[in-house]
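Written below as C-alpha cells is the structure these notes are about.
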Amino acid sequence: MTASSNEHRLVRSWYQKSLWLYLLAPLSLLYFLLAGVRRLGFRLGIFSSFKAAVPTIVVGNITVGGAGKTPVVIALVEALCKQGFKPGVISRGYGSDAPCYPYAVKADSLPIHCGDEPLLIAQQTGAPVVIDANRKSAITMLLEHNDCDVIVADDGLQHYALQRDIEIVVVDGQRGFGNAWLLPVGPLRELTHRLSQVDYIIANGKLETELPLPAATPFYAMTLQAQALQSLTTTNQVTMADWPYGKRVHAVAGIGNPARFFTTLRQLGFDPVEHAFADHYHYAEQDFNFAETLPIIMTAKDAVKVRTLQAPGNSWCLPVEAEIDPLFFASISQQIESLNAKRQQS
C-alpha cells in the first residue's frame, strides 16, 4: 500500500467516523495537553512571539487537509489590491526545498524550491511571496524588499510565535469536522471552540451538515467557480461549452480533498477516471502512463508542478475562483484601516 493510499484511508476513516480510530485516543489526549501547554506559554509570554510592523492577517483552518484556504488567500490578496492596499504573502512553503530560507517566490520559481501553493499564489496574484518555516524571517525579508502595508499569512493559525491582527478560518462545508476529535483520532488541529476566538469563518461549499459554528463570529459562504480550461502544453483556453473532446477524461488531483475536484468535474458534465494523489505530491512523468488514452484534467495546484515536467499531451488544468460576499472584503478593509489609525496614534 502506498503512502498516498494510507493517507486517503486515514482521511476517509476520520469522516466516516470509524471505530478503530478510538484506539489512538491516548495519542489525541497527549496532543491536546502538549498543544495546550504550548499555547498557554505564548499567552503568558514564556515563549517569545513576533509582531510585524504592518497589519497581519492569518488565513488557516482547524482541520488537516484541504478546506480551501489557498483560493481564499488569492481572493483576499486580489481584493486588497483593488482597494488600494499593497499586500504581501508569507507561507511555510510546505514540501519546499529552497536553495536558502527565507526564499522569495517568483512566478517562474521551481515548485520544488517553493512548494505548490506559494507558487500558485505568486502566479495568480502577482503579489510578493516569501516562504520560511520561521515566519519572522519571512516577514523581515518581505518588508525589507517590498513596499507592503499588509501581510497575509497562508496557513499558520496554530503558529502562535507570529502575532496576528485578524484571523480567518476556512472550514469545509461538505465534510465538516469529521468525528470532531483531535489528531490522530480525528482531523482537528484544535477543538471547535477555537472558532469562537477568530474574526471570520468562511465555509467552502454548501453546509451539508449542521456544524458547531459560533453565532457571534462573522460567517460567510464561499463557492469555487470553475474557469476556462487551460492547456498545459500550449496557450489555449477552452470554455466548458467549447470542449472539443469527449466527456470521459483522466482526472488528476494531489490536493487535501481530491473528491471535491472529481465532484466538480461531474457537475460540469465530465465522466472522470479518478487518480487521487497525496496532498503536495511531487509528480514524475511515469505517473501519467495511464492505460487508456484520454484527455487529462488536473487542478491548478497540480498544474504548477506538472508544467515543469514533459507534460503529457492533451493535458489541461481547471482553475477555480473563490466567490465570497463583497461585504467580507469590505469588513477586512475597514479593520485594516482601523488598525493603521491606532498604530499612527501610538
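Can you pull out the residues in segment 146-155 that are open to solvent by less than 10 Å² (accessible area, probe 1.4 Å) and under 24 Å from Q344 (Cβ atoms)?
Narrowing segment 146-155 to residues open to solvent by less than 10 Å² (accessible area, probe 1.4 Å): 150-154.
The answer is V150, I151, V152, A153.
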Residues in segment 93-117 that are more than 21 Å from A303 (Cβ to Cβ) and hydrophobic (A, V, I, L, M, F, W, C) total 2
Going through segment 31-56 in order, the residues found to be within 14 Å of L183 (Cα to Cα) and over 27 Å from the mean Cα position of the chain (by Cα) are none
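Among the candidates Q158, Q163, single out the residue that is under 16 Å from the mean Cα position of the chain (by Cα), touching a residue at least 40 places away in the same chain (Cβ under 8 Å) and open to solvent by 20 Å² or more (accessible area, probe 1.4 Å).
On the way: Q163 fails: under 16 Å from the mean Cα position of the chain (by Cα).
Only one candidate qualifies: Q158.
Determine whether G115 is open to solvent by less than 20 Å² (accessible area, probe 1.4 Å) and within 18 Å of K69 (Cβ to Cβ).
On the way: open to solvent by less than 20 Å² (accessible area, probe 1.4 Å): yes; within 18 Å of K69 (Cβ to Cβ): yes.
Criteria met by G115.
Listed here are the residues, each with its yes/no results for (1) hydrophobic (A, V, I, L, M, F, W, C); (2) touching a Leu at 6+ places or on another chain (Cβ under 8 Å).
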residue: E208; (1), (2): no, no
residue: A215; (1), (2): yes, no
residue: A226; (1), (2): yes, yes
residue: L229; (1), (2): yes, yes
residue: T234; (1), (2): no, no
residue: A241; (1), (2): yes, no
residue: K247; (1), (2): no, no
message: So, Y160, is that one over 23 Å from Y94 (Cα atoms) and of a type in the set (F, W, Y) or not?
response: no
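Out of T223, T217, which single residue is among the β-branched types (V, I, T), assigned to a loop (DSSP other than H, G, I, E, B) and touching a strand residue (DSSP E or B) at 6+ places or on another chain (Cβ under 6 Å)?
On the way: T223 fails: assigned to a loop (DSSP other than H, G, I, E, B).
It is T217.
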All-but-one check, L143 against (1) over 24 Å from R9 (Cα atoms); (2) hydrophobic (A, V, I, L, M, F, W, C); (3) buried (at least 20 other Cβ atoms within 10 Å of the Cβ), failing number (3)
Filtering strands (runs of 3 or more DSSP E) wholly in segment 107-197 for at least 2 residues that are closer than 30 Å to Y31 by Cα and acidic (D, E) gives 166-172
All conditions in (1) in contact with a strand residue (DSSP E or B) (Cβ under 9 Å, 6 or more places away or on another chain); (2) among the hydrophobic types (A, V, I, L, M, F, W, C); (3) within 22 Å of I202 (Cα to Cα) are true of F329 except (1)
Scanning segment 253-277 residue by residue, those part of a loop (DSSP other than H, G, I, E, B) and crowded, with 18+ Cβ neighbours inside 10 Å turn out to be G254, I255, G256, N257, F270, F277
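The values are calculated or read from the model by the stated rules, or taken from the named source; none is laboratory data. This structure is a prediction, so every number in the text was calculated from the model and none was measured. Because the Cβ atoms are built from the backbone with ideal geometry, glycine has one as well, and the counts that use them run over all protein chains shown. Accessible surface is based on the protein model in full, side chains and every heavy atom, while ligands, DNA and RNA are left aside. Shrake-Rupley method; radii C 1.70, N 1.55, O 1.52, S 1.80 Å.
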